[in-house]
Amino acid sequence: SSQSKLLRVLENQEFERIGGNATIKTDVRVIASTNSSLEEAVRARHFRLDLYHRLKGITITLPPLRERKEDIPILVELFCRTFATKYGKLVQGVSQKAMDLILQSRWEGNIRELRNVIGSAVAVADGDILRIEDFYRVMPDYSDQSGTPENDYYAYFVRLLEPKVAIFHPDSIEGLYQNVCNGLEKAAVELALRKSGHNQVMAAKMLGISRNTLRNRIERYGLDSEAVII
(Lines give C-alpha, C1' and ligand atoms only; values in the text may rest on other atoms or scores of the structure.)
Protein backbone atom coordinates (compact mmCIF):
# COMPACT_ATOMS: atom_id res chain seq x y z
CA SER A 1 0.00 0.00 0.00
CA SER A 2 2.88 2.37 0.72
CA GLN A 3 4.36 1.69 -2.72
CA SER A 4 1.13 2.62 -4.49
CA LYS A 5 0.89 5.88 -2.49
CA LEU A 6 4.47 6.79 -3.30
CA LEU A 7 3.88 5.97 -6.97
CA ARG A 8 0.93 8.37 -7.05
CA VAL A 9 3.06 11.18 -5.59
CA LEU A 10 5.77 10.58 -8.20
CA GLU A 11 3.34 10.38 -11.12
CA ASN A 12 0.78 13.06 -10.20
CA GLN A 13 2.88 15.19 -7.84
CA GLU A 14 0.05 15.41 -5.34
CA PHE A 15 -1.02 13.89 -2.02
CA GLU A 16 -3.41 14.31 0.91
CA ARG A 17 -2.36 14.59 4.53
CA ILE A 18 -3.64 11.97 6.97
CA GLY A 19 -6.99 13.19 8.26
CA GLY A 20 -7.16 15.94 5.64
CA ASN A 21 -9.33 16.36 2.55
CA ALA A 22 -7.35 18.90 0.58
CA THR A 23 -5.12 17.68 -2.25
CA ILE A 24 -1.67 19.20 -1.98
CA LYS A 25 0.46 19.78 -5.06
CA THR A 26 4.20 19.24 -4.71
CA ASP A 27 7.31 19.52 -6.85
CA VAL A 28 10.20 17.57 -5.34
CA ARG A 29 13.21 15.54 -6.40
CA VAL A 30 13.40 12.09 -4.83
CA ILE A 31 16.76 10.54 -3.96
CA ALA A 32 16.29 6.93 -2.86
CA SER A 33 18.80 4.35 -1.69
CA THR A 34 18.70 0.64 -0.98
CA ASN A 35 21.04 -2.16 0.05
CA SER A 36 18.82 -4.74 -1.67
CA SER A 37 18.48 -5.72 -5.33
CA LEU A 38 15.28 -4.08 -6.57
CA GLU A 39 15.46 -6.16 -9.76
CA GLU A 40 15.21 -9.32 -7.68
CA ALA A 41 12.45 -7.79 -5.55
CA VAL A 42 10.48 -7.00 -8.72
CA ARG A 43 10.89 -10.57 -10.00
CA ALA A 44 9.73 -11.89 -6.61
CA ARG A 45 6.72 -9.48 -6.77
CA HIS A 46 7.82 -7.74 -3.58
CA PHE A 47 8.37 -4.43 -5.37
CA ARG A 48 6.17 -2.78 -7.99
CA LEU A 49 7.66 -2.69 -11.48
CA ASP A 50 6.05 0.68 -12.31
CA LEU A 51 7.44 2.23 -9.11
CA TYR A 52 10.86 0.76 -9.85
CA HIS A 53 10.96 2.46 -13.26
CA ARG A 54 9.74 5.73 -11.76
CA LEU A 55 12.59 5.72 -9.25
CA LYS A 56 15.22 4.46 -11.65
CA GLY A 57 15.85 7.77 -13.48
CA ILE A 58 19.56 8.03 -12.71
CA THR A 59 21.19 5.09 -10.93
CA ILE A 60 24.47 5.33 -9.04
CA THR A 61 25.94 2.05 -7.84
CA LEU A 62 28.21 2.52 -4.83
CA PRO A 63 30.45 -0.52 -4.21
CA PRO A 64 30.89 -1.69 -0.60
CA LEU A 65 33.90 -0.36 1.25
CA ARG A 66 35.79 -3.65 0.93
CA GLU A 67 35.74 -3.22 -2.87
CA ARG A 68 37.22 0.30 -2.79
CA LYS A 69 40.08 -0.16 -0.39
CA GLU A 70 41.89 2.86 -1.77
CA ASP A 71 39.38 4.98 0.19
CA ILE A 72 40.12 3.30 3.52
CA PRO A 73 43.43 5.03 4.45
CA ILE A 74 41.84 8.43 3.74
CA LEU A 75 38.84 7.60 5.93
CA VAL A 76 41.05 6.21 8.70
CA GLU A 77 43.09 9.42 8.77
CA LEU A 78 39.91 11.51 8.89
CA PHE A 79 38.34 9.49 11.69
CA CYS A 80 41.57 9.49 13.71
CA ARG A 81 41.67 13.30 13.61
CA THR A 82 37.96 13.58 14.36
CA PHE A 83 38.00 11.32 17.42
CA ALA A 84 41.37 12.53 18.69
CA THR A 85 39.84 16.01 18.91
CA LYS A 86 36.62 14.67 20.44
CA TYR A 87 38.34 12.64 23.16
CA GLY A 88 41.29 14.95 23.75
CA LYS A 89 43.82 12.37 22.55
CA LEU A 90 47.08 12.81 20.63
CA VAL A 91 46.35 10.02 18.11
CA GLN A 92 47.81 10.91 14.73
CA GLY A 93 47.29 7.70 12.78
CA VAL A 94 47.67 3.93 12.81
CA SER A 95 50.62 1.55 12.68
CA GLN A 96 51.35 -0.43 9.53
CA LYS A 97 50.18 -3.68 11.15
CA ALA A 98 46.94 -2.03 12.20
CA MET A 99 46.42 -0.65 8.69
CA ASP A 100 47.05 -4.11 7.21
CA LEU A 101 44.39 -5.50 9.53
CA ILE A 102 41.94 -2.76 8.54
CA LEU A 103 42.54 -3.30 4.83
CA GLN A 104 42.01 -7.06 5.15
CA SER A 105 38.69 -6.75 6.97
CA ARG A 106 35.34 -7.08 5.17
CA TRP A 107 33.54 -4.10 6.74
CA GLU A 108 30.04 -5.47 6.35
CA GLY A 109 28.78 -2.23 7.92
CA ASN A 110 30.82 -0.15 5.46
CA ILE A 111 31.90 3.38 6.47
CA ARG A 112 29.67 3.48 9.54
CA GLU A 113 31.34 0.35 10.95
CA LEU A 114 34.83 1.66 10.17
CA ARG A 115 34.02 4.97 11.85
CA ASN A 116 32.76 3.24 15.01
CA VAL A 117 35.80 0.98 15.22
CA ILE A 118 38.27 3.85 14.81
CA GLY A 119 36.36 5.88 17.40
CA SER A 120 36.49 3.04 19.93
CA ALA A 121 40.18 2.39 19.28
CA VAL A 122 41.03 6.08 19.75
CA ALA A 123 39.05 6.16 23.00
CA VAL A 124 41.10 3.34 24.57
CA ALA A 125 44.47 4.13 22.98
CA ASP A 126 47.40 5.08 25.21
CA GLY A 127 49.81 6.44 22.62
CA ASP A 128 49.78 8.70 19.58
CA ILE A 129 49.59 5.81 17.11
CA LEU A 130 46.82 3.19 17.04
CA ARG A 131 48.38 -0.26 17.33
CA ILE A 132 46.88 -3.56 16.29
CA GLU A 133 46.35 -4.34 20.00
CA ASP A 134 44.04 -1.33 20.30
CA PHE A 135 41.69 -2.88 17.76
CA TYR A 136 41.73 -6.26 19.50
CA ARG A 137 40.85 -4.50 22.76
CA VAL A 138 37.71 -2.90 21.36
CA MET A 139 36.67 -5.83 19.17
CA PRO A 140 37.48 -9.22 20.77
CA ASP A 141 36.37 -11.17 17.68
CA TYR A 142 38.18 -8.91 15.24
CA SER A 143 40.90 -11.44 14.46
CA ASP A 144 38.29 -13.95 13.23
CA GLN A 145 37.22 -11.53 10.47
CA SER A 146 40.48 -9.88 9.69
CA GLY A 147 42.43 -12.43 7.70
CA THR A 148 45.40 -12.04 10.03
CA PRO A 149 48.11 -14.58 9.10
CA GLU A 150 47.75 -17.83 11.01
CA ASN A 151 51.27 -17.60 12.45
CA ASP A 152 50.82 -14.05 13.80
CA TYR A 153 50.03 -14.91 17.43
CA TYR A 154 51.49 -11.80 19.05
CA ALA A 155 48.28 -9.76 19.33
CA TYR A 156 46.30 -12.83 20.34
CA PHE A 157 48.59 -13.54 23.31
CA VAL A 158 48.62 -9.87 24.29
CA ARG A 159 44.86 -10.06 24.67
CA LEU A 160 45.09 -13.21 26.78
CA LEU A 161 47.79 -11.89 29.08
CA GLU A 162 46.62 -8.31 29.44
CA PRO A 163 44.05 -9.01 32.23
CA LYS A 164 46.76 -10.84 34.22
CA VAL A 165 49.32 -8.09 33.81
CA ALA A 166 46.73 -5.37 34.46
CA ILE A 167 46.45 -6.49 38.10
CA PHE A 168 50.23 -6.58 38.46
CA HIS A 169 51.61 -7.49 41.84
CA PRO A 170 55.06 -9.00 42.41
CA ASP A 171 53.61 -11.93 44.36
CA SER A 172 50.69 -12.71 42.05
CA ILE A 173 52.62 -12.46 38.78
CA GLU A 174 55.89 -14.08 39.84
CA GLY A 175 57.14 -16.56 37.25
CA LEU A 176 54.73 -15.29 34.57
CA TYR A 177 57.15 -15.87 31.70
CA GLN A 178 58.01 -19.44 32.66
CA ASN A 179 54.41 -20.36 33.43
CA VAL A 180 53.23 -19.04 30.07
CA CYS A 181 56.00 -20.84 28.18
CA ASN A 182 55.35 -24.14 29.97
CA GLY A 183 51.59 -23.88 29.50
CA LEU A 184 51.93 -23.09 25.81
CA GLU A 185 54.40 -25.90 25.19
CA LYS A 186 52.25 -28.43 27.04
CA ALA A 187 49.14 -27.39 25.09
CA ALA A 188 50.96 -27.53 21.74
CA VAL A 189 52.37 -31.01 22.41
CA GLU A 190 49.04 -32.35 23.60
CA LEU A 191 47.16 -30.97 20.60
CA ALA A 192 49.76 -32.32 18.17
CA LEU A 193 49.43 -35.78 19.73
CA ARG A 194 45.66 -35.66 19.40
CA LYS A 195 45.80 -34.42 15.80
CA SER A 196 48.30 -37.12 14.79
CA GLY A 197 46.34 -39.93 16.44
CA HIS A 198 49.11 -40.24 19.06
CA ASN A 199 51.69 -40.96 16.37
CA GLN A 200 54.88 -39.52 17.85
CA VAL A 201 56.72 -39.29 14.53
CA MET A 202 53.92 -37.28 12.97
CA ALA A 203 53.43 -35.17 16.10
CA ALA A 204 57.15 -34.32 16.22
CA LYS A 205 57.00 -33.27 12.56
CA MET A 206 53.98 -31.06 13.21
CA LEU A 207 55.78 -29.35 16.09
CA GLY A 208 59.07 -29.03 14.23
CA ILE A 209 61.05 -30.86 16.94
CA SER A 210 62.91 -34.15 17.13
CA ARG A 211 61.27 -37.34 18.37
CA ASN A 212 63.62 -37.39 21.38
CA THR A 213 62.58 -33.84 22.31
CA LEU A 214 58.94 -34.82 21.96
CA ARG A 215 59.43 -37.84 24.22
CA ASN A 216 61.11 -35.59 26.76
CA ARG A 217 58.14 -33.18 26.73
CA ILE A 218 55.63 -36.03 26.99
CA GLU A 219 57.41 -37.31 30.07
CA ARG A 220 57.88 -33.83 31.55
CA TYR A 221 54.19 -32.96 31.30
CA GLY A 222 52.86 -36.47 31.88
CA LEU A 223 50.87 -36.44 28.69
CA ASP A 224 50.75 -39.65 26.71
CA SER A 225 52.44 -42.80 27.93
CA GLU A 226 50.80 -44.96 25.22
CA ALA A 227 51.55 -42.91 22.12
CA VAL A 228 52.11 -44.87 18.93
CA ILE A 229 55.74 -44.81 17.74
CA ILE A 230 56.41 -45.44 14.08
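The values are calculated or read from the model by the stated rules, or taken from the named source; none is laboratory data. Worth saying up front: this structure is predicted, and the values here are computed from it rather than measured. With ideal geometry, Cβ positions are generated from the backbone for all residues, glycine too; neighbour counts draw on all protein chains shown. Surface accessibility is based on the protein's heavy atoms, side chains included, excluding ligands, DNA and RNA. Shrake-Rupley method; radii C 1.70, N 1.55, O 1.52, S 1.80 Å.
Miscellaneous remarks
- Sulfur and carbon atoms: percent of accessible area, segment 27-114 [1.4 Å]: 52 percent
- Of K97/K195; K69/K97; K69/K195, those spanning more than 27 Å from alpha-carbon to alpha-carbon: K97/K195; K69/K195
- Using a Förster distance of 30 Å, the FRET efficiency for Q13-S33 (Cβ separation, nearest 0.05): 0.90
- Around the amide H of I129, modelled in the peptide plane, lie the amide H atoms of Q92, all under 5 Å away and 5 or more residues distant in sequence or on another chain.
- Each 5 Å bin from zero up to the one holding the largest Cα-Cα distance in segment 41-141 carries the following percent of pairs: 2, 12, 20, 19, 12, 8, 6, 6, 7, 6, 2, 0.
- GluC sites (Glu not before Pro) restricted to DSSP loop in segment 40-110 with at most 15 other C-beta within 10 Å: E108
- Å² of accessible area per residue within segment 1-122, as computed with a 1.4 Å probe and no ligands counted: 73 Å²
- Estimated distance in nm for a label pair at L62 and N116, the labels positioned 7 Å out from Cα along Cα-to-Cβ: 1.7 nm
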